[in-house]
Amino acid sequence: MGRVETIRRYYELVDAADYESMFGIFCDDLIYERAGTEPIEGIEEFRRFYLADRKIRSGRHFLDVLIENGDWVAVRGVFTGQLRTGETVTTRWADFHHFRGEKIWRRYTYFADQAV
């Protein structure tokens, strides 16, 4: 699977809440930086974020743009869904995924409207 296909698969797995499959796409020593929060370091912190700390209950990512450049894949899109509070949200975002081999090693997320 190529890097762009891996990124598409990532969003499919997240939207399906298939987190165990999704974790396999990332390196064990990943670092994930999200706008306005401390970096998430390592697969166990990443796992805790998705299983316990993430604000989102459910929703769908709509991908507008995917650009691959070397070890990087940039994505821009819109997320529509429901937060754990019950609030419905729609927000624009951009992600930058840095690969090491076949897995995502670094990830950076930026929000245009509101952080989720």
Interchain or sequence-distant (5+) residues whose placed amide H lies within less than 5 Å of the amide H of Gly59 are Gln82
Label Arg100 and Asp28 with points 7 Å out from Cα along Cα→Cβ: what is the distance between them in nm?
1.1
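Loop sites only, by DSSP: take the GluC sites (Glu not before Pro) in the chain that have at most 16 other C-beta atoms within 10 Å and name the longest stretch containing none of them. Could you put the intermediate results ahead of the total?
On the way: sites that count: Glu87, Glu102.
Between the exposed loop sites, the longest stretch runs 1-86.
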Taking the chain as the reference, fit the longest principal axis to its C-alpha atoms, fit the long axis of helix 3-15 to the helix C-alpha atoms, and give the angle between the two in degrees, 0 to 90, nearest 10.
30
As I understand it, the dipole of segment 9-76 uses +1 on the Cβ of Lys and Arg and -1 on the Cβ of Asp and Glu, about the Cα centre. Which of Trp72, Phe62, Ile25 lies farthest toward its positive end?
Phe62
Charges on Cβ only, +1 for Lys and Arg, -1 for Asp and Glu, centred on the Cα centroid of the chain; of Tyr50, Ala115, Val89, which one is farthest towards the dipole's positive end?
Val89
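Give me the percent relative contact order of the chain, please, defined on Cα pairs under 8 angstrom at least 6 residues apart.
Working: 212 pairs, mean separation 29.4, N = 116.
Across the chain, relative contact order equals 25 percent.
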Computed [θ] at 222 nm, deg cm²/dmol, the chain (DSSP H ≥ 4; -39,500 (n - 2.57); rounded to nearest 500):
-5500 deg cm²/dmol
Can you run phi through the Karplus equation (6.51, -1.76, 1.60; θ = phi - 60°) for segment 103-116 and list ³J(HN,Hα) in whole Hz, with x for Gly and Pro?
10, 7, 9, 10, 9, 10, 10, 10, 10, 8, 10, 8, 6, 10
Residue separation between Ala115 and Glu38 times 0.36 nm, minus their alpha-carbon distance, gives in nm 26.4 nm
Dipole size in debye (nearest 20) for the chain around its Cα centre, Lys and Arg Cβ +1, Asp and Glu Cβ -1?
280
For percent of Cα pairs over 23 Å apart, calculated from these coordinates, the label among (i) 21; (ii) 50; (iii) 27:
(i)
At a threshold of 8 angstrom on Cα-Cα distance, excluding pairs fewer than six apart, so keeping six or more, what relative contact order does segment 3-52 reach in percent?
26
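Here, each number is a calculation from the coordinates, and none is a lab measurement. Please read these numbers as outputs of a predicted model, since none were measured by experiment. Every residue, glycine as well, gets a Cβ built from its backbone with ideal geometry; the counts of neighbours run over all protein chains shown.
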